[in-house]
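A.B. asks: Please see the structure below; I have some questions.
The values are calculated or read from the model by the stated rules, or taken from the named source; none is laboratory data. Note that the coordinates shown come from a computational prediction; the quantities given were computed from them, not determined experimentally. Glycine gets a Cβ as well: all are built from the backbone with ideal geometry, and neighbour counts include every protein chain shown.
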Amino acid sequence: MSTAAERPIVMAVTGASGAPYAVRLLETLIEREQRVSLIVSDHGLRLLDTELGIASVAALRDHVGGARWDKTVRVFDDRDRGAAPASGSALSAGMVICPCSMGTLSAIAAGSSRSLVERAADVALKERRRLVLVPRETPYSAIHLENMLALTRAGAVVLPASPGFYHRPDTIDDLVNFVVARVLDHLGVEHSLVPRWGSGPGE
């Protein structure tokens, strides 16, 4: 049996706006040599193309670095609900959906498991593993909020892509890193993307 450190993190990319968050998260996981089971939905791929000009999984591999990708990333088809992440017996270090569309969030809350992304999230919940959902939507409807509350009660972490400003960001990358850093914290992955509160001189 693999040790916890050897288990992959299941990472899914769906169709909510926020492709830079997904790419930075994947880059950081690869830099940390964290194994990743990657699932990109059709809408997630369209999002990557629309927001970053990354038109395919192959282009995503080239963008984040092919050699490092080949060492750590295994790609799964979202249509394949029989793939490894669909089974509780396939051990993982948890799952993150970044960004997480409201349609995906709703399906997970309902337990409908129509795709590999949704089934893998269902597995994370039933096996009591980390599940981090990163919605990027505004404003939230009552339906959105009720679904988020249901998932929080089921054990998921709902982590909206809402960057803070107390670290005085100068660039868009600073804002992206703020959100990705919080995601990594909840996945238990060490990083140095942003200074921690109280870590600066005189604080």
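A.B. asks: All but one of (1) out of contact with any Ser or Thr (no Cβ under 8 Å at 6 or more places or on another chain); (2) charged (D, E, K, R); (3) free of Cβ contacts under 8 Å to residues at least 40 places away in the same chain hold for Arg24; which doesn't?
C.D. replies: (3)
A.B. asks: Let me ask something else about it. May I ask you to list pairs of residues, at least six apart or on different chains, whose Cβ atoms are under 9 Å apart, with the first in segment 173-194 being small (Gly, Ala, Ser) and surrounded by 18 or more Cβ atoms within 10 Å (Cβ to Cβ) and the second being at pLDDT 95 or above and not in a loop (DSSP other than H, G, I, E, B)?
C.D. replies: Ala181/Thr28
A.B. asks: Do the conditions hold for Arg128, that is, is it closer than 21 Å to Ile39 by Cα, out of contact with any Asp or Glu (no Cβ under 7 Å at 6 or more places or on another chain) and surrounded by fewer than 20 Cβ atoms within 10 Å (Cβ to Cβ)? Spell out the reasoning first.
C.D. replies: Working: closer than 21 Å to Ile39 by Cα: yes; out of contact with any Asp or Glu (no Cβ under 7 Å at 6 or more places or on another chain): yes; surrounded by fewer than 20 Cβ atoms within 10 Å (Cβ to Cβ): yes.
When the stated conditions are applied, Arg128 passes them.
A.B. asks: Further question: Name the one entry in Ile108, Ile97, Ile143, Ile54 that is aliphatic (A, V, I, L, M), more than 16 Å from the chain's Cα centre (by Cα) and crowded, with 20+ Cβ neighbours inside 10 Å.
C.D. replies: On the way: Ile108 fails: more than 16 Å from the chain's Cα centre (by Cα); Ile97 fails: more than 16 Å from the chain's Cα centre (by Cα); Ile143 fails: crowded, with 20+ Cβ neighbours inside 10 Å.
Sole residue among the options that is aliphatic (A, V, I, L, M), more than 16 Å from the chain's Cα centre (by Cα) and crowded, with 20+ Cβ neighbours inside 10 Å: Ile54.
A.B. asks: Answer with yes or no whether Ile30 is within 16 Å of Glu6 (Cα to Cα) and either surrounded by 17 or more Cβ atoms within 10 Å (Cβ to Cβ) or not polar (S, T, N, Q) (or both). Break it down into steps so the answer makes sense when it comes.
C.D. replies: Numbers: within 16 Å of Glu6 (Cα to Cα): yes; either surrounded by 17 or more Cβ atoms within 10 Å (Cβ to Cβ) or not polar (S, T, N, Q) (or both): yes.
Yes.
A.B. asks: Right, something else. Could you check segment 3-30 and list, in sequence order, the residues that are assigned to a helix (DSSP H, G or I) and at pLDDT below 95? Don't jump to the end; show me each part of the working.
C.D. replies: Here is the first cut: in segment 3-30, the residues assigned to a helix (DSSP H, G or I) are 4-6, 19-30.
Result: Ala4, Ala5, Glu6.
A.B. asks: Let me ask something additional. With respect to Leu151, is the statement that it is touching a Cys at 6+ places or on another chain (Cβ under 6 Å), of a type in the set (A, V, I, L, M), in contact (Cβ under 8 Å) with a residue 12 or more places away in the chain and crowded, with 18+ Cβ neighbours inside 10 Å true?
C.D. replies: On the way: touching a Cys at 6+ places or on another chain (Cβ under 6 Å): no; of a type in the set (A, V, I, L, M): yes; in contact (Cβ under 8 Å) with a residue 12 or more places away in the chain: yes; crowded, with 18+ Cβ neighbours inside 10 Å: yes.
For Leu151, the condition - touching a Cys at 6+ places or on another chain (Cβ under 6 Å), of a type in the set (A, V, I, L, M), in contact (Cβ under 8 Å) with a residue 12 or more places away in the chain and crowded, with 18+ Cβ neighbours inside 10 Å - is not met.
Conditions (1) closer than 19 Å to Arg136 by Cα; (2) small (Gly, Ala, Ser), marked per residue:
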{"site": "Glu51", "(1), (2)": "yes, no"}
{"site": "Ala59", "(1), (2)": "no, yes"}
{"site": "Lys71", "(1), (2)": "no, no"}
{"site": "Asp77", "(1), (2)": "no, no"}
{"site": "Ala83", "(1), (2)": "no, yes"}
{"site": "Val96", "(1), (2)": "yes, no"}
{"site": "Ala107", "(1), (2)": "yes, yes"}
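A.B. asks: If a residue must be in a helix (DSSP H, G or I) and farther than 19 Å from Val183 by Cα, how many such residues does segment 31-47 contain? Give the steps one after another, and end with the answer.
C.D. replies: Taking segment 31-47 and keeping what is in a helix (DSSP H, G or I), we get 31, 42-47.
Subset that is farther than 19 Å from Val183 by Cα: 42-43, 45-47.
Residues meeting the conditions: 5.
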